[in-house]
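Novice: Can you keep this structure in mind? I'll have questions shortly.
The values are calculated or read from the model by the stated rules, or taken from the named source; none is laboratory data. Note that this is a predicted model, so its numbers are computed, not measured. When we count neighbours, we look across all protein chains shown, and the Cβ atoms used for this are built from the backbone with ideal geometry, even at glycine. All accessible areas refer to the heavy atoms of the entire protein, side chains included, with ligands and DNA or RNA removed. Shrake-Rupley method; radii C 1.70, N 1.55, O 1.52, S 1.80 Å.
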Amino acid sequence: MISPKVENLILSVQKPGRYTGGELNSVIKNKDEVDIRYAFCFPDTYEIGMSHIGMKILYSLVNERKDAWCERVFAPWVDMEEKMIENDIPLYALESGDPIKDFDIIGFTLQYELSYTNVLNMLSLAGVELKSKDRTSLTPIVIAGGPCVCNGEPMADFIDVMLPGEGEEITNTFLDLFKEYKLKGKTKQEFLEACSKIDGLYVPSMYDVDYNDDGTVKEIKAKGDAPQTVKKAVVKDIDSMFYPEKFVVPFIDVVHDRTVAEIFRGCIRGCRFCQAGFLYRPIREKSADTINEQCRKIYESSGYEEISLCSLSTSDYTQLNDLLEKLLDWTIDEKVNISLPSLRADNFSKELVEKLKKVRKSGLTFAAEAGTQRLRDVINKNVTEEEVLESSRKAFQNGWTGVKLYYMIGLPTETDEDIEGIAKLSQNVVNEYYKNEDRPKGRGVNVNISVASFVPKPFTPFQWEAQDTMEELKRKQEYLENCVTTKKINIGWNDSRISFMEGVLARGDRRLGKVIETAWKKGCKFDSWDDRFEFEKWLEAFEECGLKPEFYANRKRSFDEVLPWDHMDYGIPKKYFIKENEKAHRNETTQNCREKCNGCMANKLCGGECDAMR
Amino acid sequence: MQCVRIWFKKNGRAKYISHLDLMRSMTRAVKRAGIPLWYTEGFNPHPYITFPLPLSLGVESDRECMDIKIEDGVSLEEIKNSFENKMPEGLEVFEVSVPFNDAKEIRYATYEIKLKFVSDSQAKNYLEKSLQAIEDKSLIGHKKGKKGKRKVIKDIPLAEHIFEFESSLDGDMLKIDVKLSSGNENNINPSVFLNSLNENAEIEPEYFLFYKTGLYTANSEIFR
């Protein structure tokens, strides 16, 4: 329940529904009957956090336990934050309204690097010490998961335990251990040491990092009994894995407010820029029956009007037609739409188009990623121009009057010719529309192209590459703008300064902790929001800490440099990434995992199994 | 196809659900309840759901209603029962009826407003000034409106929209029962009314609660 103090100010802020709780399917327990109170924090606004599937899974998973109560916490928007500070209201959890500083566990999900300052801000609003070493008692213990903890080093000062990998099983292992140590009255240090010995748990304070004079990492040393490398947690069988039967249904409009089904984990494609494609290996598919049943249950408990089939590349799901058949069996009558994000341009089949037409028409997006075949080979995006055009043609023939195309600029080995290629390919898509005799009369075509700036990420073959400087990215953006000559193509950009900072944090080391803290003290928060991002303050923070952001973003590393994340083991050995990097520089592609196993070794994580080879 | 009027309560935290959000929440509740909605025909079918009189944000009510069109063959009792355990906290369906009045017939709404002040004397002072203003017919409300595309604040004399005014004072607590114009043409939001009282008395209550207590037609019969 929200406190009267909160009630009094809530009508004076934007969207009070962000702060009230009480949504359908939110879980209320008696706090005296649980051993563990867990504050699951999403370091961004309610609307973003409530769209995140990982949070829904873990929320339900923890609440399945009789001994634990998991509650949701989001970053209050700046207007609410101001009122909370003014009225002495500490950050509270939505279900109980209780301050989270009194909880046992404060858990953050780190989905993107630019949410790091929000983590600090939320700890501060909660009245909890920021640094791990300043929090001496066992509770609250501050933990973090999500893709960013594959290199969580920049956050190492603040987080007690990180959970690299998949949370569905390790969360329970962690909670069991925590409960045991709490009930036995053990110290935080004893608990951290115990955690450090478990696969899937990473305790940053159990590792010392030494640096060379040139600023690169010299050595990462494990302390005590901590292992030299930390393995990510993996769920072997995702078909029988826990999946929620209920989603919390928000009252206010959030970004994604729909039934979500994860259809498979991992990706067979091996695009060399894509971190998710490597972090979530090996490939594991859920069966069509399981997915259909899970969708039905969530629909019945939520009333959602849309189902989204989620994965890294939906059309690579081997049972897609079967699944759509099963879903359409009931969704047509119930007037429920099915949306398929992440379709690939090379296997966008006729049957698929026809099935999609049966439900309400949504936008179609094709990821071409680069403008020329040479560069697409470099990044191993095995899609040809003809395939993009063919897919667009099918879309136009089936009544679509626009498509969206994704590209990146700043890719390794990129030249101006590749940039020009983006404009040419997009123009060819426009031309496809006018070649279609049956196009709606008097209606033009809209080709929206979204051009992101490439950010090299850990655990990809490009982890050693230099990121383009902001000046170079700006120049390339202007160049592309000059190459596009028609108004039928709309270009959407990223702010290159934001991409730069993302790149710095993504491949950062532990020394960035003080930069993040300094930037936050200067007022940086909601850095991923264009209108809140304050680049100058970040630069000042680097200056004050005596570090150079360019060192992290724009420097090409050698293969033998010790990387800040070298002690993390995501199942793919470094030599595989080196091999892939060398192939990239030779413009050579790698076949997808279904055509041929390329020996990335991730199957070892599941005892040798990989669904790509089924 | 039949049109039914669903009567529900909106209390507690649910009072912070805005009108648009309530539309979505109720549509989903109807779907969870498994009620066979009737859909408009055409390219983009959608259900028919309307609210005869939307409730302002922050106001609680024990008698709200919405009209929906559903397929034939379901009894009112069945519809009511199917909402059981399907509603979010604070929203509760207690009756389903065939609409008797048209939404256009709504003329008045009654509200109970509870106010708490920092001291007994302030509450007393506030009430005296308010009674005087009602007597003098001098209250002015500020209503947000639009002039073309521009947002403007319109000043409206409230006297012709206040039909009953009763109050009871208990220490620092003041309770006001008021009947205001309501409906399509002249809708007076209770917070507009309260703000005009605050402005007139030059006193801000420490906190306040709004309840809608009833809806009436032109001849002051209960809207049903």
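Novice: When every alpha-carbon pair in region B:1-147 is counted, what percent end up more than 20 Å apart?
Specialist: 59
Novice: Of the accessible area of region A:4-224, with the probe set at 1.4 angstrom, what percent is carbon plus sulfur?
Specialist: For region A:4-224, the apolar C and S fraction of the accessible surface comes to 46 percent.
Novice: Just the number, please: percent antiparallel of the DSSP beta bridges in chain B, rounded to the nearest 5.
Specialist: Counting only bridges with both partners in chain B, antiparallel ones make up about 95 percent.
Novice: Pairing the Cα long axis of helix B:190-201 with the longest principal axis of chain B, what angle in degrees results, from 0 to 90 and rounded to the nearest 10?
Specialist: The two axes meet at around 10 degrees.
Novice: Just want to confirm a number: the relative contact order over region A:4-224, from Cα pairs under 8 angstrom separated by 6+ residues, in percent.
Specialist: About 16 percent, as a whole number.
Novice: Ballpark to the nearest 100 Å², how much total accessible area do B and A bury together, probe 1.4 Å?
Specialist: Buried: approximately 2300 Å² between A and B.
Novice: Okay, moving on. For region A:476-592, report the accessible area per residue in Å² (1.4 Å probe, heavy atoms, rounded to an integer).
Specialist: Counting only protein heavy atoms, the per-residue value for region A:476-592 is 46 Å².
Novice: Counting only C-alpha contacts under 8 Å and six or more residues apart, can you give the relative contact order of chain A as a whole percent?
Specialist: 14
Novice: Filter B:K80/B:K179; A:K188/A:K525; B:K10/B:K175; B:K104/B:K147 down to the pairs with a C-alpha to C-alpha distance above 26 Å, please.
Specialist: B:K80/B:K179; A:K188/A:K525
Novice: Continuing with the same structure: Scale the Cα Rg of chain A by the rule-of-thumb value 2.2 N^0.38 Å and send over the ratio, two decimals.
Specialist: Normalised by 2.2 N^0.38 Å, the Cα Rg of chain A equals 0.96.
Novice: Sticking with this structure for a sec: Beta carbons within 10 angstrom, averaged per residue: use that to sort the peptides B:168-175, A:287-294, highest first.
Specialist: A:287-294, B:168-175
Novice: Next question. Using DSSP to call loops (not H, G, I, E or B), can you name the trypsin sites (Lys or Arg not before Pro) in region A:1-73 whose Cβ has at most 12 other Cβ atoms within 10 angstrom?
Specialist: A:K66
Novice: Quick one: which residues, 5 or more positions from B:G141 or on another chain, have an amide H under 5 Å from its amide H? H modelled 1.01 Å from N in the peptide plane, none for Pro or chain starts.
Specialist: B:I156, B:L158
Novice: Count, for each residue of A:13-22, the Cβ atoms from other chains sitting within 10 Å of its Cβ, then give me the mean as a whole number.
Specialist: Counting other chains' Cβ atoms within 10 Å and averaging over A:13-22 gives 4.
Novice: Kindly report the accessible area of region A:4-224 per residue (heavy atoms of protein chains, probe 1.4 Å, no ligands, DNA or RNA), in Å².
Specialist: The answer is 34 Å² per residue.
Novice: Which ³J(HN,Hα) values in Hz, rounded to whole numbers, follow from the phi angles of region A:282-297 under the Karplus curve 6.51 cos²θ - 1.76 cosθ + 1.60, where θ = phi - 60° and Gly and Pro get x?
Specialist: Calculated HN-Hα couplings, in order: x, 5, 9, 9, 8, 7, 4, 5, 4, 5, 4, 5, 5, 5, 4, 4 Hz.
Novice: Picking from A:P43, A:Y211, A:V27, whose Cα lies most toward the positive end of the charge dipole for region A:4-224 (charges on Cβ: Lys, Arg +1; Asp, Glu -1)?
Specialist: So the residue we want is A:V27.
Novice: Mind pulling the angle between the C-alpha long axis of helix B:19-32 and the longest principal axis of chain B? Nearest 10 degrees, somewhere in 0 to 90.
Specialist: For B:19-32 against chain B, the angle is about 30 degrees.
Novice: Also, quick follow-up: So which aspartates and glutamates pass the test for A:K556, namely a Cα distance under 18 Å, with those fewer than 8 places away in the same chain ruled out?
Specialist: Here the aspartates and glutamates satisfying the reach criterion relative to A:K556 are A:D213, A:D214, A:E414, A:E465, A:D468, A:E471, A:E472, A:E502, A:D509, A:D566, A:E580, A:E582.
Novice: Taking accessible area as the heavy-atom solvent-accessible surface of the protein chains with a 1.4 Å probe, which residues of region B:1-39 lose no less than 50 Å² upon going from the isolated chain to the full protein assembly?
Specialist: Listed by number, the residues meeting the 50 Å² cut-off are B:R13, B:Y16, B:R24, B:R28, B:K31, B:R32.
Novice: For region B:159-195, which GluC sites (Glu not before Pro) are in a loop by DSSP, counting at most 14 other Cβ atoms within 10 Å?
Specialist: B:E185
Novice: Kindly flag which residue pairs out of A:K15/B:K124; A:K5/B:K212; A:K15/A:K457; A:K186/A:K514; A:K381/A:K537 have an alpha-carbon separation exceeding 26 Å in this structure.
Specialist: Those over the limit are A:K15/B:K124; A:K15/A:K457; A:K186/A:K514; A:K381/A:K537.
Novice: List the residues of region B:56-86 for which accessible area in the full set of protein chains is at least 30 Å² lower than for the chain on its own; 1.4 Å probe, protein heavy atoms only.
Specialist: Checking the loss per residue gives B:L57.
Novice: Roughly how many debye, to the nearest 20, is the charge dipole of chain A about its Cα centre, given +1 on each Lys and Arg Cβ, -1 on each Asp and Glu Cβ, and no other charges?
Specialist: My answer is approximately 860 debye.
Novice: Considering only DSSP beta bridges where both residues belong to region A:4-224, give the percentage that are antiparallel (nearest 5).
Specialist: 25
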